[in-house]
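Here the structure is laid out as structure tokens; the discussion comes afterwards.
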Amino acid sequence: MTIKELVPTEFDPYYGRYINKLYQDISLRDSFIKGKEKVISFFKDLPETKYNFRYATGKWTCKEILQHLIDTERIFQYRCFRIARQDKTELAGFDQNIYVEPSTANTKTMDELIQEFVVVRDSSISLVNSLSDEDLKNVGNANGGNMSARAAAFTITGHEIWHMEIIIKRYL
């Protein structure tokens, strides 16, 4: 299953900015495995002086961005699971900004954050591997719009690319 199999009615256009970051021929499962390697390498290679750096007042630090990737993966993994299991209950949106302060990301070491990412990513890989292609085609409702289980999953791996590009452009 690849990105080019998605149809526009499977996700709200807002999520297209993340999904479109992925190569059209990458499989869903490969996007999780290769994404894991890239995220780990990217954050391990960041200069330590950038861990708590903010390029402007009110912007997140690199540690907070990694925590945001972890938190968002948990939420979209849950969405993927519920939708794949044909749960038709509307899934609520979330305010990403209120998650930052209570996460205390800046008090964690980069190694602790990377380890947390690895645990969550391995769980996502396990989930995606447990679902059939038919399960992943199921469409539900998340944050007021259509979302297929596979679109929720692809959003996770595109979202991390989006944020790594922002770090490159604005933090490094």
So what is the relative contact order of the chain, in percent, for Cα pairs below 8 Å that sit 6 or more residues apart? 39
Over the chain, average the accessible area per residue using a 1.4 Å probe and give it in Å², no decimals. 51
For segment 5-50 and segment 54-76, what is the separation of their C-alpha centers, rounded to whole Å? 15
Neighbour net charge for A142 - beta-carbon separation under 10 angstrom, K R +1, D E -1: 0
So, with points 7 Å from each Cα along the Cβ direction, the D30-K88 label distance in nm works out to 3.7
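On a 25 Å Cα-Cα criterion, which of the cross-link pairs K59/K137; K36/K108; K44/K108; K38/K137; K38/K169 come out too long?
Cα-Cα > 25 Å for K59/K137; K38/K137; rest within.
The values are calculated or read from the model by the stated rules, or taken from the named source; none is laboratory data. These figures come from a predicted structure and were not determined experimentally. Cβ coordinates were reconstructed from backbone atoms using ideal geometry, including for glycine residues, and neighbour counts include every protein chain displayed. Ligands, DNA and RNA are stripped out before the accessible areas are found, and what is left, the full protein with its side chains, is counted by its heavy atoms. Shrake-Rupley method; radii C 1.70, N 1.55, O 1.52, S 1.80 Å.
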